[in-house]
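Written out below as structure tokens is the structure these notes cover.
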2 protein chains.
Amino acid sequence: MSGAGAGTSAPRPGGGDRLAAAVARRESQIVLGLDPDPARLWPAPAGAPGPTPGPPAGLAGRAVSAHCRAVIEAVAPAVVAVKPQLACFERLGAPGWQALAETVAAAHEHGLLVIADAKRGDVPVSAAAYAQALLGATPAPGGAVEGLRADAITANPLLGEDSLAPLIAAARATGALVFGLVRTSNPGAADLMDAELADGRRLWERIAGLIDALGRDGRGPASGLSDVGAVVGATAPEHLARMRELMPRTPFLLPGVGAQGGSVEALAPAFAPGRAGGLVTASRSIVGAHRASGAEPAGAARAEAERLRRATWELA
Amino acid sequence: MSGAGAGTSAPRPGGGDRLAAAVARRESQIVLGLDPDPARLWPAPAGAPGPTPGPPAGLAGRAVSAHCRAVIEAVAPAVVAVKPQLACFERLGAPGWQALAETVAAAHEHGLLVIADAKRGDVPVSAAAYAQALLGATPAPGGAVEGLRADAITANPLLGEDSLAPLIAAARATGALVFGLVRTSNPGAADLMDAELADGRRLWERIAGLIDALGRDGRGPASGLSDVGAVVGATAPEHLARMRELMPRTPFLLPGVGAQGGSVEALAPAFAPGRAGGLVTASRSIVGAHRASGAEPAGAARAEAERLRRATWELA
């Protein structure tokens, strides 16, 4: 079902152990963010066939799929996972979802995990439908409809524990992970996530407690890592030690490095439970590396991803 | 662009005025929720051609599209809008998104508004991509890719004001609305939305203040209604008066009536700014009305929607 094959006939390992094994095998904690903009794709390779004429959505979907495959092929040796931003595919309609499915397949072919950056959150019955969409399958009279086969998803916890439960249950059934948003890296995150509660804590600290509690039953016996992770904006590094205190065995997904202004060196507390405790995501700084250097896109992306891989690996 | 045509060459009215005009014209505040489950669709009409053989996702997508069109045709006279739950389409992959686009088109053909129940929320750059997906269009070398053309969307406010701003900007450009989640109707909503803040308020009250503030610049001159709405679970009716106090000109989207246990009579405070101030959503109680009565699905759905329409209209 994915690039992190179990390799035995034993029960499939849980998400925390699968993640830790993938990080160790690839010697990388880097997650390649894929946010394709059809107006800023890599040029097609010289000699490639031109686009097949057709409606704009189909053209854009095929171009995005080819771009994502090229980026994955260039960068795969330096990364452990890809993180497609679902909004960037969804905006191309059905052809965009086709491109997303093809991108998942390309990542799995290269042995990479797929973290679907979905940030879904809904009432339980609808959360169960999102779980089918992203992690499981949907029963139907003509046969089960397979979902996206992601190895992990991001989720929005605002609607509370029962809104996350169907996602976590589906993740446990497939050896996947759910990364809940605890504190994001945008300025507006201060509006609600930093709200001070009556007990003196911040809202994000309460969310962190919820994420920790939900993951306790899903700690991997090999790695000790939970299968419920946390999205933790790296632009607020002063929070990281407190985050780790509240969520000692939780994998952290750390956006905000590179283009958003975070720095790798500030991330050390993330790695307390092991290297897989801190996944560093980078999108524009890798995919757009050629814009600064003038080099050809694939080589520039590979070099930047490898630089980031080594810098992070040496820290942890 | 939708069923609520402006009818003049003047600038397109804002979302609040469009909503109020649609409610007045159709004499309905009822929103038909569409949560299609491919294993529980209405039977195809007698004499309809059987399904074209093919992969399960395509079969299910076509069946869901036909079901939604049949439900819309049955119920349209009694409702003002449809609210497709995006999870239920997304779980069928690209064919599901095709079915969603066809469902939007069917609703518009019948003069209905479309509220995309997306509950999206993301950092600003990704929120802008969701805005393109649901409300706008995406520039691409092969021509602009049109989005879903929804008349309104639901959104998750956890990431703060800057995460909602791109959605609201796109809504204002197209005469649409954004309904932010203020207090949902699931039990888990108490976990975070009801959290007590240091200033004595609940988190949902702070969210309500944010929604009110974001909508002040978008009040329609004709109706006084804001183009930023609020999703307000009707299973907590004791909160409604306080909600209205905090958001005096905000349209409320009220799920939880019917299958989830809310009652129409408790909703009166919602209608203080006019009938369009309270939209009552119902899904299973309409689409599944035949299961209790044994009648044929279309007639049972139409009768239940009309019963709900009249009961609500008389209240307001």
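The values are calculated or read from the model by the stated rules, or taken from the named source; none is laboratory data. Quick caveat, the model's predicted, so the values are computed rather than measured. When we count neighbours, we look across all protein chains shown, and the Cβ atoms used for this are built from the backbone with ideal geometry, even at glycine.
What the table shows:
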{"item": "Residue in segment B:8-19 that is aliphatic (A, V, I, L, M), within 14 Å of chain A (Cβ to nearest Cβ), under 16 Å from the mean Cα position of the chain (by Cα) and buried (at least 22 other Cβ atoms within 10 Å of the Cβ) present", "result": "no"}
{"item": "Test result for residue A:93, free of Cβ contacts under 8 Å to residues at least 24 places away in the same chain and at positive phi", "result": "no"}
{"item": "In segment A:56-100, the residues that are more than 15 Å from the chain's Cα centre (by Cα), among the small types (Gly, Ala, Ser) and closer than 22 Å to residue B:134 by Cβ", "result": "A:57, A:58, A:60, A:61, A:63, A:65, A:93, A:94, A:96, A:99"}
{"item": "Options A:219, A:172, A:201; residue that is charged (D, E, K, R) and more than 21 Å from the chain's Cα centre (by Cα)", "result": "A:201"}
{"item": "Matching entry among A:237, A:255 (being at pLDDT below 95 and surrounded by fewer than 22 Cβ atoms within 10 Å (Cβ to Cβ))", "result": "A:237"}
{"item": "Condition met for residue B:40 (more than 18 Å from the chain's Cα centre (by Cα) and modelled with pLDDT of 95 or more)", "result": "yes"}
{"item": "Test: residue A:192 is touching a residue at least 24 places away in the same chain (Cβ under 8 Å) and either at negative phi or not aliphatic (A, V, I, L, M) (or both)", "result": "no"}
{"item": "Residue under evaluation residue A:188, criteria (1) surrounded by 20 or more Cβ atoms within 10 Å (Cβ to Cβ); (2) more than 7 Å from chain B (Cβ to nearest Cβ); (3) over 23 Å from residue A:81 (Cβ atoms), criterion not met", "result": "(2)"}
{"item": "Residue list for segment B:151-163, restricted to those being under 14 Å from residue B:229 (Cβ atoms) and either touching a residue at least 60 places away in the same chain (Cβ under 8 Å) or acidic (Asp, Glu) (or both)", "result": "B:151, B:152, B:154"}
{"item": "Test set (1) within 11 Å of chain B (Cβ to nearest Cβ); (2) in contact with a helix residue (DSSP H, G or I) (Cβ under 7 Å, 6 or more places away or on another chain); (3) not in a helix (DSSP H, G or I) - residue A:33 fails condition number", "result": "(2)"}
{"item": "Leading residue by the ranking (surrounded by the fewest Cβ atoms within 10 Å (Cβ to Cβ)) among those in segment B:28-86 that are touching a residue at least 40 places away in the same chain (Cβ under 8 Å) and of a type in the set (Val, Ile, Thr)", "result": "B:72"}
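This table checks each residue for (1) out of contact with any Gly (no Cβ under 7 Å at 6 or more places or on another chain); (2) buried (at least 17 other Cβ atoms within 10 Å of the Cβ).
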| residue | (1), (2) |
| --- | --- |
| B:268 | yes, no |
| B:282 | no, yes |
| B:297 | yes, yes |
| B:302 | yes, yes |
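A quick yes/no check of all residues on (1) touching a residue at least 40 places away in the same chain (Cβ under 8 Å); (2) touching a strand residue (DSSP E or B) at 6+ places or on another chain (Cβ under 6 Å); (3) under 20 Å from residue B:77 (Cα atoms):
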{"residue": "B:245", "(1), (2), (3)": "no, no, no"}
{"residue": "B:271", "(1), (2), (3)": "yes, yes, no"}
{"residue": "B:295", "(1), (2), (3)": "no, no, yes"}
{"residue": "B:298", "(1), (2), (3)": "yes, no, yes"}
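Yes or no, residue by residue, for (1) free of Cβ contacts under 8 Å to residues at least 60 places away in the same chain; (2) among the β-branched types (Val, Ile, Thr); (3) out of contact with any helix residue (DSSP H, G or I) (no Cβ under 7 Å at 6 or more places or on another chain):
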| residue | (1), (2), (3) |
| --- | --- |
| B:117 | no, no, no |
| B:126 | yes, no, no |
| B:147 | yes, no, no |
| B:168 | no, yes, no |
| B:174 | no, yes, yes |
| B:179 | no, no, yes |
